[in-house]
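The values are calculated or read from the model by the stated rules, or taken from the named source; none is laboratory data. Since the structure is predicted, the reported quantities are computational estimates derived from the model, not experimental observations. Ideal geometry is used to build each Cβ from the backbone, glycine not excepted, and the neighbour counts take in all protein chains shown.
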Ligand SMILES: Nc1ncnc2c1ncn2[C@@H]1O[C@H](COP(=O)(O)OP(=O)(O)OP(=O)(O)O)[C@@H](O)[C@H]1O
Ligand SMILES: [Mg+2]
């Protein structure tokens, strides 16, 4: 058996007075679509922040493709091939959709700032390649008509897709999606599910996603990990997790009617 793509071991994250993650462990294999669910405040975004280097975990270990990436800064984690989207849209409002995608590509380019300013042949080649890649991603997602508009001119669901597209520009092997379908209509959610699966099939990208909508989760994920108050309370298929008494208890009295 090959080693897991992502391995999270005994992860702890403590803020003053709050333990946001307590001894959380799970693994993800290459090509998996894993869902991370749990009531509000369960620690889902905190786990994303620990994996992507935005927070330094208090203790525990994160291994990606055999490399220990615990406590690496975000830019180094991204170089290993992990990209993410944010729970709240984080697009550049003054830039067009195409330019937002090129920012994603620029983060991955090897030419330094100075070369960028001097426009050496190497940077020109990289810029041409990035532009072609941006158009390819937009075409793949059926979004070419949005290339030259500002994200704010698009409906919310389309703006979420732009973030998704930008994450794909980073040539990542694992993409973390923090509530990619929040605020979307049922048909937009279905379209996004199809896109995620198509991207996995076409580019071999694995996904870890936080999502509240249970029908969507059941449809696209191979495995579900459930957090509650920072602890992993269940892990398994949609059916296993839905029938788990601890999961049912965690969701009782919360406003997540969509779950269980
Ligand atoms: N930077 C921080 N400083 C202090 N506390 C924090 C910080 N980030 C998160 N927390 C706390 O950690 C806990 C988990 O928060 P987190 O945002 O990870 O939850 P979540 O599962 O993503 O919730 P939601 O479904 O509402 O997005 C919460 O109690 C939150 O207040
Ligand atoms: Mg969150």
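Numbers for the structure displayed
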{"item": "Index of the failed condition, residue 13 passing every other in (1) within 16 Å of ligand 2 (Cβ to nearest atom); (2) on the phi > 0 side of the Ramachandran plot", "result": "(2)"}
{"item": "Options 83, 42: the member that is surrounded by 17 or more Cβ atoms within 10 Å (Cβ to Cβ) and within 16 Å of ligand 2 (Cβ to nearest atom)", "result": "42"}
{"item": "Residues located in the stretch 10-33, provided they are without any contact (Cβ under 8 Å) to a residue 24 or more places away in the chain and crowded, with 18+ Cβ neighbours inside 10 Å", "result": "none"}
{"item": "Options 18, 33, 37: the member that is within 16 Å of ligand 2 (Cβ to nearest atom) and within 29 Å of residue 201 (Cβ to Cβ)", "result": "37"}
{"item": "Checking residue 88 against (1) within 30 Å of residue 146 (Cα to Cα); (2) assigned by TED's automatic domain parsing to the domain that holds residue 206; (3) surrounded by fewer than 19 Cβ atoms within 10 Å (Cβ to Cβ); (4) within 16 Å of ligand 2 (Cβ to nearest atom), the condition it does not meet", "result": "(2)"}
{"item": "Answer residue from the stretch 57-71, given it is touching a helix residue (DSSP H, G or I) at 6+ places or on another chain (Cβ under 8 Å) and more than 16 Å from residue 227 (Cβ to Cβ) and is surrounded by the fewest Cβ atoms within 10 Å (Cβ to Cβ) among those", "result": "67"}
{"item": "Some residue of the stretch 199-210 being farther than 17 Å from residue 164 by Cα and in contact with a strand residue (DSSP E or B) (Cβ under 6 Å, 6 or more places away or on another chain)", "result": "no"}
{"item": "Odd one out for residue 208 among (1) crowded, with 21+ Cβ neighbours inside 10 Å; (2) not assigned by TED's automatic domain parsing to the domain that holds residue 30", "result": "(2)"}
{"item": "Within the stretch 166-188, considering residues that are in contact with a helix residue (DSSP H, G or I) (Cβ under 6 Å, 6 or more places away or on another chain) and more than 19 Å from residue 32 (Cα to Cα), the one modelled with the lowest pLDDT", "result": "183"}
{"item": "Verdict on residue 47 being within 16 Å of ligand 2 (Cβ to nearest atom), out of contact with any helix residue (DSSP H, G or I) (no Cβ under 6 Å at 6 or more places or on another chain) and closer than 19 Å to residue 226 by Cα", "result": "yes"}
{"item": "Some residue of the stretch 54-72 being more than 10 Å from ligand 2 (Cβ to nearest atom) and in a helix (DSSP H, G or I)", "result": "no"}
{"item": "Hits in the stretch 1-52 (condition: within 18 Å of residue 180 (Cα to Cα) and away from ligand 1 (no atom under 14 Å from the Cβ))", "result": "32, 33, 34"}
{"item": "Given (1) free of Cβ contacts under 8 Å to residues at least 24 places away in the same chain; (2) touching a strand residue (DSSP E or B) at 6+ places or on another chain (Cβ under 9 Å), index of the condition residue 61 fails", "result": "(1)"}
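Per-residue answers, yes or no, for (1) over 24 Å from residue 134 (Cα atoms); (2) in contact (Cβ under 8 Å) with a residue 24 or more places away in the chain; (3) touching a strand residue (DSSP E or B) at 6+ places or on another chain (Cβ under 8 Å):
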{"site": "147", "(1), (2), (3)": "no, yes, no"}
{"site": "151", "(1), (2), (3)": "no, yes, no"}
{"site": "171", "(1), (2), (3)": "no, yes, no"}
{"site": "178", "(1), (2), (3)": "no, yes, yes"}
{"site": "185", "(1), (2), (3)": "yes, yes, no"}
{"site": "193", "(1), (2), (3)": "no, yes, no"}
{"site": "225", "(1), (2), (3)": "yes, yes, yes"}
{"site": "228", "(1), (2), (3)": "yes, yes, no"}
